[in-house]
1. Can you say whether Ser377 is in contact with a Leu (Cβ under 6 Å, 6 or more places away or on another chain), farther than 24 Å from Asp326 by Cα and assigned to a loop (DSSP other than H, G, I, E, B), as far as the supplied structure shows?
2. Is it true that Lys438 is in a helix (DSSP H, G or I) and among the basic types (Lys, Arg)?
3. Based on what the data block shows, is Ile213 modelled with pLDDT under 70 and surrounded by 14 or more Cβ atoms within 10 Å (Cβ to Cβ)?
4. Of everything in the stretch 312-323, what is surrounded by fewer than 16 Cβ atoms within 10 Å (Cβ to Cβ) and either of a type in the set (Ser, Thr, Tyr) or not in a helix (DSSP H, G or I) (or both)? Give them in sequence order.
5. Which condition number does Phe336 fail, the rest of (1) farther than 24 Å from Ile412 by Cβ; (2) not in a helix (DSSP H, G or I) being met?
6. Six or more apart or on different chains, Cβ atoms under 6 Å: show the pairs whose first residue is in the stretch 342-370 and under 21 Å from Gly556 (Cβ atoms) and assigned by TED's automatic domain parsing to the domain that holds Ser398 and whose second is part of a loop (DSSP other than H, G, I, E, B) and of a type in the set (Ser, Thr, Tyr).
7. What do you reckon, is Asp432 among the acidic types (Asp, Glu) and either crowded, with 16+ Cβ neighbours inside 10 Å or more than 30 Å from Ser360 (Cα to Cα) (or both)?
8. Just checking, does the stretch 516-529 include any residue being at pLDDT 85 or above, surrounded by fewer than 20 Cβ atoms within 10 Å (Cβ to Cβ) and in the same structural domain as Val355 (by TED's automatic domain parsing)?
Amino acid sequence: MKKKVNKGYIKKSIKFFKNVKYELLVIVLVYILLGIIGFITPIVEANLITSITNTVVNKVILIALGFLIIKTIEELLWHFGMSFWKKKVRTKILFNIRKELVDNVFELKLSNFDKYSTGTFQERIKNDPQTVARVVNAGQRYLTQCITKIGVIIYVVCINWVIGIIYICGVIMVSLIDNHVQEKSKEKNKITRESDEKVNSILSEIIRGIRDIKLLNFKNSVKNLIGNELDKNNENIVEKDTYDSLMNRVKRIVLFLTVLLVVVVGIRFVDVGMLKAADLIVLYLYYGNIFTLMDNFSSLRSCLKEYELAVERIFDLYDSNKYPKDNYGKINIKDFKGKICFEDVSFRYSKNKPVLENLSFTVDANDTVAIVGASGSGKTTIFNLITKSYDINSGKLSFDDIDINELSEETIRKNVSIITQSPYIFNMSIKDNLKLVKPNATQKEIDEVCRKACFYDYIMSLPDKYDTIIGEGGVNLSGGQKQRLAIARALLKTSKILLFDEATSALDNITQKEIQESIDNISKDYTIIIVAHRLSTIMNCNRIYMLNDGRIVDSGTHKELLKKNKEYKKLYNTESKGGDK
């Protein structure tokens, strides 16, 4: 069954080369010409050697000039072929594969990025397309050389069929060895690739978290972690290289024995007058072609296996069972209001205990509500369902009374934005970060959303104002400034639903009040849901839902809950005494 899948992948991969098919034919033609040169070179060399032996000076000079011209053409063809491949073919193939992979990654559910490491996706997008491009070029070269050199064997058989049979037996023996090796090499390659993925993922995590690693002083633990993975990775590489080296040595021994037998038998034929000395020289000089035929054939098989593995890994990302894709409906809501309704919604992650169970509540358009509860009660899961990062298991989740599964991607993505505790900020200017969500935004629109987010005055205080470069991950901004930039970005996107996920939990009291002011500025025009541990940040909400074990256990305004809910009052009193003043 696996073979059929692989063949299917290979067939699908043809689409990567549709816009370079003529360029690939040019490369094939170059390799054919190089193969012809390789075919005639031993004949010219043999004639040159016999002419030197017979001291025919004029003939030696003439053949030597011909040999020089042939080798010059060969070098020029190699240069042209390599340059043409790199400039005209390789870049297009890499672009085709990577563009399609990136497009596919954007179609994946966000849950995939919770389940798999970033290294998994980076490796597939960066390295596997490079492997495909490399083996396509190498495979073309090996295939055309194999065809040309099979012609050499036919020519050898015509000169002396016995020596031809010896060469053919050598090819068969090497092929049998190679056939035994290929499957094992594929498995070893797969293990090495998976190990590379893991190392790349850890290195990526280390680079992103280098500040925390240094400041929290756990660099030794991280060094040990990456050291262990690098050791495993090196062991896999060494094991693979050692195995490949051993098999290459075995094949070369067979090749040496083949050539030795050709020389011994050839000399015997010359002694009895069944073969001319010049022809024996040609047959001997052809050992290089036969030798490379065996290597080319082996390398061609390796290329096919490597190509198969790389293509399999690329199309593995298309497997919706392993990497679920977003699924949307076709309904577009032009006048999106922002009403959210959960009706008996249940959800669980994989086979774990249900996180939400028969959850029902409604948030009206332009309403501001909060959800509070202990860690693990399901607060973040609610946001995951609203943003359609995950699909509900049962019940119904609707926007403006339309089932979320019937709504188009544009409707959901345009109208729902989430501001997290640590929003992702790109390493570009403030203006460019804002215009990512609306490239044609006017300066007036940008100023307006920044004022609403209480971010405008800070921007104006900077020397470069909107052109200020933020730094990787927003390193040049404080936590509160990143929050306000994220709010401004969501407002510029004109999302009707804004989700604040612990957006003020890591901020000081002054910054928290500024973020609260930002929320108050926009509360009348947007549907806002706030998840927060700090009850002081949600006191002004129109309604507060208390969540426990995936169920709404109580709801009301801040004042109402203080009066009727002992648990809420206890949480508020504890917070007040704890220093949130």
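The values are calculated or read from the model by the stated rules, or taken from the named source; none is laboratory data. Every value quoted in this text rests on a predicted model; they were computed, and no experiment measured them. Every residue, glycine as well, gets a Cβ built from its backbone with ideal geometry; the counts of neighbours run over all protein chains shown.
1. yes
2. So Lys438 does not fit the description; no.
3. yes
4. Listed by number, the residues that qualify are Asp319, Ser320, Asn321, Lys322.
5. (1)
6. Correct list of pairs: Thr368/Ser523.
7. Considered against the rule, which asks whether it is among the acidic types (Asp, Glu) and either crowded, with 16+ Cβ neighbours inside 10 Å or more than 30 Å from Ser360 (Cα to Cα) (or both), Asp432 comes out as yes.
8. From the stretch 516-529, those at pLDDT 85 or above are 527-529; that's our starting set.
Now drop any that are not surrounded by fewer than 20 Cβ atoms within 10 Å (Cβ to Cβ), which leaves none.
For the stretch 516-529, residues at pLDDT 85 or above, surrounded by fewer than 20 Cβ atoms within 10 Å (Cβ to Cβ) and in the same structural domain as Val355 (by TED's automatic domain parsing): absent.
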